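Engineer: Let me give you the structure first, and then I'll get to my questions.
Please treat every number below as a calculation from the coordinates, not as lab data. Because the structure is a prediction, the values reported are computed rather than measured. Here the Cβ positions follow ideal geometry from the backbone for every residue, glycine too, while neighbour counts run over all protein chains shown.
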Amino acid sequence: MKSRLFAMIAALFLLSGIVRAEAEITSKAQLNEPGRKIGISQGSAAEAAVRSEMPEADIAYFTDNLLGYTAVAQGKIDAFVFDLVQMQLTIDNGMTGVHLLPEVMDETVKIAVGYSEVSKIPNLKESLNGFIAQLKADGTLDDMYRRWVLEGDRAMPEIPRSEDAGLRLTVGTTGSVPPYSYYEGGGLTGYDIELAHRFAAWLGAKLSFKIYDFDGVVPAAKAGKIDVIMSNLQYLPERAEEMPFSDILYEEKMGILVSGEGVAAQAAGESAGAAESASFFDSVASSFNRTFIREERWRLFTDGVATTLLITLLTILFGTLLGFGVFM
């Protein structure tokens, strides 16, 4: 009987541990706890946001976002904070085992154009900000964001080009960040590529691109190898100390990627878990009633307790007498 009771208690503790271990993160507040690990892209605006909103959590740095997403799916980290649109695109393109929380970070990602202080283009800062102001005023920037980012329209519009101009605009980009700068059909396309073509046309300059990774594009601008950086570049105060930025193009929300397949799958899992738990406890109750009550095995329990108490009292008594005798 004792072994059965111990087994029942052990099963209850085991079940409660499993439920806790498998519980998915459903809110941002759950991540602000000691022991939580939040992944971010190295050098991104997410670091300041996580430190501000989740100060109790630890930060894990990744140079490749996909490695961070995979770490979430494998349970190596609790969440990954990055550009909401890009993480949603990754999920839409087949990433499994992860989903986005309905909540987002309070801070946003500010996107701008970085430019070279040693560029040979005259009055580059004034020209760049004047160009951006015009596109904001006539609604072109809003239309570009709607087409490329919100609607996923991949059609590049026809933009006049100044092929024979004496002025040359060299744009640094990565070609690896859809829908902003990426390759399709062997050529560069995306929001930033359209922006580059529009800026070249506005300047009356011939356009060329140079491809860099994020670690190399800023040094290239500082060295004058490129005139501007157009590749979903995040404005950061510390980054602005290294190189100048244009006025802000737009702001993006920062999403929170966690493990699991989302609300629907979670609800199904919770329903199945609840049914399994109910079945387990019904079985325990039925077994307890049958063996402990109806078969009157409670008498064995009470008899066992009485015998244990008697043995304990006799052990204390004879132990005391024996110890006294040895002492004398």
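Engineer: Going by amide H atoms built from the backbone, whose H comes under 5 Å of the H on L233, apart from near neighbours?
Structural biologist: A112
Engineer: Could you pull out the pairs from K110/K206; K28/K136; K120/K206 whose alpha carbons sit more than 25 Å apart here?
Structural biologist: Values: K110/K206 28 Å; K28/K136 34 Å; K120/K206 14 Å.
Beyond 25 Å between Cα atoms: K110/K206; K28/K136.
Engineer: Along the Cα→Cβ direction, 7 angstrom out, place labels at A306 and D215. What is the inter-label distance in nm?
Structural biologist: Label-label distance for A306 and D215, simple model: 7.9 nm.
Engineer: Working out 0.36 nm times the residue gap between V118 and N93, then minus their Cα-Cα distance, what length gain in nm do you get to one decimal?
Structural biologist: Numbers: separation 25, 0.36 × 25 = 9.00 nm, distance 3.99 nm.
Length gained between V118 and N93: 5.0 nm.
Engineer: So what are the ³J(HN,Hα) numbers for segment 32-42, from phi and the Karplus equation (6.51, -1.76, 1.60; θ = phi - 60°), rounded to whole Hz, Gly and Pro as x?
Structural biologist: 8, 9, x, x, 6, 10, 10, x, 9, 7, 4
Engineer: Need one number: nm distance between label points at A223 and L313, each 7 Å from Cα along Cα→Cβ, rounded to one decimal.
Structural biologist: Computed distance between label sites A223 and L313 equals 9.2 nm.
Engineer: Per-residue HN-Hα couplings for segment 177-189, Karplus 6.51 cos²θ - 1.76 cosθ + 1.60 at θ = phi - 60°, whole Hz, x for Gly and Pro?
Structural biologist: Each residue's phi maps through the Karplus curve to give 10, x, x, 8, 8, 7, 9, 8, x, x, x, 6, 8 Hz.
Engineer: For q = 0.17, 0.20, 0.24 Å⁻¹, what log10 I(q)/I(0) does segment 73-169 give under the Debye formula with an equal point scatterer on each alpha carbon and no solvent?
Structural biologist: These q points yield log10 I(q)/I(0) values of -1.03, -1.19, -1.39.
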